[in-house]
Amino acid sequence: MPLSQVREGDVIRVRTGTVIPLDGTIEAGEVMVNQASLTGESVPVARFAGSSVYAGTVVEEGNCAVRVGAQAGNGRYDTIVKMIEESQKLSSATEVRAFATADRLVPYTLAASALTWLFTRSTLRAVSVLMVDFSCAVKLAMPIAVLSAMREAGRYQITVKGGQFLEAAASLRTKASGCRMRSGRRLTPCRPTRCFCTWPSVGNWPA
């Protein structure tokens with residue numbers, strides 16, 4: 001039976017070694033569920049009648065009947081995927097350029113490693129070239145820098161949704177103070193003033 005035809009409230013049977021197809025609640029039976037794909041837990045978790053189970057997890061031991069709580073596309077796993085896709089859309093132009101630069105460096109690093117081995121016949125030296133490659137460091141550093149900046153902004157009671165907005169904030173020169181939001185999302189009259197903020201600029205926030 002296709003998952004698209006399964007409706008909320010239907011009861012499905014899940015056996016040992018199979019992947020739970022949809023989010024739901026166990027109606028009957030006891031199972032050991034591997035939730036590493038969602039939570040990262042290395043040890044299977046015991047689930048029994050009344051416990052919640054999630055799509056994408058694996059039943060390692062036991063059989064159970066699951067009452068479906070969410071149709072295909074609306075489960076916990078699907079929500080995580082959507083959140084990841086949305087977060088990628090909020091990446092700043094600087095992050096995108098850094099990732100693209102790191103990707104372009106990989107072929108050159110592999111070529112340098114291969115040439116090192118051809119000229120020296122030393123596996124150790126060829127591997128050493130790969131060890132000093134910094135493309136991975138660039139990809140790791142950019143998200144960490146953005147998260148650190150968002151945390152620093154939080155100390156000044158500023159909420160930032162993503163790197164895209166941090167980059168936009170770097171060009172701000174004026175702030176509006178004393179404005180109030182009316183119904184219909186309209187601002188009351190206020191006077192713009194030059195921004196003399198005491199908190200550090202975006203580019204100088206510590207990583």
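No value in this document is a laboratory result; all are computed from the given coordinates. Computed from a predicted model, the values in this text were never measured in an experiment. All Cβ positions, glycine included, derive from the backbone under ideal geometry; neighbour counts span all protein chains shown.
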If you consider only alpha-carbon coordinates, what radius of gyration and Dmax does segment 25-77 have, in Å? 10.6, 27
Evaluated at 4 °C and 1.567 mPa s, the Stokes-Einstein D of segment 64-153 based on the Kirkwood radius over Cα pairs, in µm²/s, stands at 77
Exposure proxy ranking, count of Cβ atoms within 10 Å, fewest first, for R151, R7: R7, R151
How high is the FRET efficiency between F99 and M131 when r is their beta carbon distance and R₀ equals 22 Å, given to the nearest 0.05? 0.55
Two-site label geometry, A28 and T79: point separation in nm, points 7 Å out along Cα→Cβ: 2.9
Most to least packed among 128-137, 28-37 [average Cβ atoms within 10 Å]: 28-37, 128-137
If we count every other residue with Cβ under 14 angstrom of V58's Cβ, Lys/Arg +1 and Asp/Glu -1, where does the sum land? -1
Show me, for segment 95-103, the HN-Hα J-couplings you get by feeding each phi into the Karplus relation (A = 6.51, B = -1.76, C = 1.60, θ = phi - 60°), rounded to Hz, glycine and proline as x. 5, 4, 5, 5, 5, 5, 5, 4, 5
Calculated FRET efficiency for the pair K161/E61, C-beta based, R₀ 41 Å, to 0.05: 0.45
Among 45-51, 144-150, 104-110, how do they line up from the highest to the lowest mean number of other beta-carbon atoms within 10 Å? 144-150, 45-51, 104-110
